[in-house]
Amino acid sequence: MPGDNRSRSRWREPFNTVALAEGFRSELIRATGKGGAFVIATGLPVSHRSKSAAMSWYRFAVEYVDARWPQLGGNSRKNMATTLTATAIAPLRAKPTQFAPAAVRTALREWAFNTNRRPDAPRDVLAILRWVERSSLPVSAWEDPEKVDQVLLAIDTRLDGKQAAAWSRKRNRRILNVAMKYAVRRRILRVNPLPKGKESTAVT
């Protein structure tokens, strides 16, 4: 039935090799055989959430910046920091009422997501970053489609609340898409959580 096909396509994810696909299929069969629980939002076994549940999104973003830093030029580094700042703030557990919003953005953009400057961050910045890390959701939050939509809205919106220019939205989504692909390669996430048609297919 057409409805059944659409339902099945929701869980499809391509693999680079037949071996990887068969290995993943075996894992699913084992999880089913053991009566393991599955995550409704992804169709994956709960056991796959171990890495993503153990790492905060903030900590992942910092590690991702450090991994990408040597490969990027000045403008690309600034754009990456700006995009990741929005992705770090949008899904926080609470609003930073004890810190000015501009100070939080600056701490993330200029210090946390700057590999060269981070070791020299002043004490007031460190206090902000410690709070952000404590308030950051785990990477597994990306298995919740509502959280994904929340972050996508944040990177598409300017500070004045208006929609960003089309070129800016495309750039931000491309940067986020590359970060998600990195998380999948590192097996922190099983699949890229960005909805089809909502991410840029370009990878840098």
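Look at (1) open to solvent by 30 Å² or more (accessible area, probe 1.4 Å); (2) touching a residue at least 60 places away in the same chain (Cβ under 8 Å); (3) in contact with a helix residue (DSSP H, G or I) (Cβ under 8 Å, 6 or more places away or on another chain) and you find that ASP144 fails only one, number (3).
Which one of ALA179, ALA154, ALA165 is aliphatic (A, V, I, L, M), within 23 Å of ASN75 (Cβ to Cβ) and over 13 Å from the mean Cα position of the chain (by Cα)? Within the list ALA179, ALA154, ALA165, the selection yields ALA165. Taken as a whole, the condition of being assigned to a helix (DSSP H, G or I), of a type outside the set (Phe, Trp, Tyr), surrounded by fewer than 16 Cβ atoms within 10 Å (Cβ to Cβ) and at pLDDT below 95 applies to SER50. Scan the range 118-140 for residues that are out of contact with any strand residue (DSSP E or B) (no Cβ under 9 Å at 6 or more places or on another chain), open to solvent by 40 Å² or more (accessible area, probe 1.4 Å) and either among the acidic types (Asp, Glu) or free of Cβ contacts under 8 Å to residues at least 40 places away in the same chain (or both) and jot them down. Hits for the range 118-140 are PRO119, ASP120, PRO122, ARG123, ASP124, LEU126, ARG130.
Within the range 157-182, how many residues turn out to be of a type outside the set (A, V, I, L, M, F, W, C) and either under 23 Å from VAL62 (Cβ atoms) or surrounded by 20 or more Cβ atoms within 10 Å (Cβ to Cβ) (or both)?
Residues meeting the conditions: 7.
Just for the range 86-117: of the residues that are of a type in the set (Gly, Ala, Ser) and surrounded by 12 or more Cβ atoms within 10 Å (Cβ to Cβ), which one is farthest from GLY74 (Cα to Cα)? Looking at residues that are of a type in the set (Gly, Ala, Ser) and surrounded by 12 or more Cβ atoms within 10 Å (Cβ to Cβ), I get ALA90.
Going through ILE155, ILE188, ILE175 one at a time, which residue ends up being over 16 Å from THR87 (Cα atoms) and touching a residue at least 24 places away in the same chain (Cβ under 8 Å)?
Numbers: ILE155 fails: over 16 Å from THR87 (Cα atoms); ILE175 fails: over 16 Å from THR87 (Cα atoms).
Checking each option against the conditions leaves just ILE188.
Screening THR82 against (1) modelled with pLDDT of 95 or more; (2) closer than 16 Å to ILE188 by Cβ leaves a single unmet condition, (2).
The values are calculated or read from the model by the stated rules, or taken from the named source; none is laboratory data. In this text, all values refer to a predicted model and were calculated from it rather than measured experimentally. Note: ideal-geometry Cβ built from the backbone for every residue, glycine included; neighbour counts use all protein chains shown. Ligands, DNA and RNA are excluded from the accessible area calculation, which covers all protein heavy atoms including side chains. Shrake-Rupley method; radii C 1.70, N 1.55, O 1.52, S 1.80 Å.
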